[in-house]
Amino acid sequence: PGSIASIRLCRDALTRRSLGYAYVNFFKTEDAERALDVLNYTEINGKQIRIMWCHRDPSVRRSGVGNVFIKNLHDDIGNRELFDTFSEFGNILSCKVVVDENGKSRGYGFVHFETQDAADKAIQSVNDKEMLGKIVKVTMWRSRRDRARATMSNFTNLYVKNLPTEFTTEKLTEIFAPYGAITSARIMAKDDGTSKGFGFVNFEQHASAVAAVE
C-alpha cells in the first residue's frame, strides 16, 4: 500500500511471544488509508486481522463518543460487511460483530467512529433500514452503568421483602394503593402455597413508585 516508516510488533516482556497486535507507521496518510481499505479483515494464518487508526489517548475509546450499537443483524453479516456499510459515514476506530464460541454471529455489533458527527449520520441513515432482508436498529452505545441509571430514572416496579408470611396479594395491594394506580401486585409463594416473604408491586406511573419508596 505504500512506504512504511516503522513497524513494531508487541511482545510479552518475559516470554517474547507476540501479544497479537502491532503498530505500522506510514510516511503518508493516504498510504495508511489505502492499507486500511485494502487489508482490513483479511486473513493471516487463518485469523482475520482488524486494522484501525492508532489513538494514543485511551480516553477516546473509553468515552463512548462516536460509538454506535447495531442489533438484529443477519447471520451472514460479519466484520467486513459491517465495516463496508458504515465506513461511508466517517473514519472508523473499531468495528466488530459479536460472535459466540463457535464463531456464529450473535446478531449485534459495534462501530466506533472517530467523531460524534459521523455516528449521528450513521444512525440517521441506517437505523430502521434493511440489511440482507432484516430491519436493523442503530443507536448510540451506552455503558452498563448508564443503562442502569436510565432504568432507575423511570422505574415503576418495586421489590418488597421481609413480608409477614400471612400477607396476601390483596393486603399488599391495599397498602400500596394510596400511592397511585397499580397495574399488578404479587406475593411469591412456595410449592405448598405459603409465602416466600417477598413480592412485587408495579405502578402505572414512575412518580407513584417513587412516592411509595419514599
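Assorted remarks:
- When the listed pairs Lys47/Lys134; Lys28/Lys137; Lys47/Lys121; Lys47/Lys71; Lys28/Lys129; Lys171/Lys196 are checked against a 26 Å cut-off, the alpha-carbon distance exceeds it for Lys47/Lys134; Lys28/Lys137; Lys47/Lys121; Lys28/Lys129.
- Hz values of 3J(HN,Hα) by residue in region 99-109 - Karplus curve (6.51, -1.76, 1.60), Gly and Pro given as x: 10, 8, 5, 9, x, 8, 4, 8, x, 8, x
- Calculated accessible area for region 1-57 comes out at 82 Å² per residue, all protein chains present (probe 1.4 Å; ligands, DNA, RNA ignored).
- Annotation: amide H-H contacts under 5 Å for Met131 (H modelled 1.01 Å from N, sequence separation of 5 or more, or interchain): Val136.
- Share of carbon and sulfur in the accessible heavy-atom surface of the chain [1.4 Å probe, %]: 49
- Amide H contacts for Ile51 (H built 1.01 Å from N in the peptide plane; partners 5 or more residues away or on another chain; cut-off under 5 Å): Tyr41.
- For the chain, the relative contact order works out to 13 percent when only alpha carbon pairs closer than 8 Å and six or more residues apart are counted.
- Full extension of the chain segment joining Ala35 with Lys137 gains 33.7 nm, where the gain is 0.36 nm per residue of separation less the Cα-Cα distance.
- Å² of accessible area per residue within region 68-128, as computed with a 1.4 Å probe and no ligands counted: 49
The values are calculated or read from the model by the stated rules, or taken from the named source; none is laboratory data. Everything quoted here is computed from the prediction, not taken from an experiment. Ligands, DNA and RNA are stripped out before the accessible areas are found, and what is left, the full protein with its side chains, is counted by its heavy atoms. Shrake-Rupley method; radii C 1.70, N 1.55, O 1.52, S 1.80 Å.
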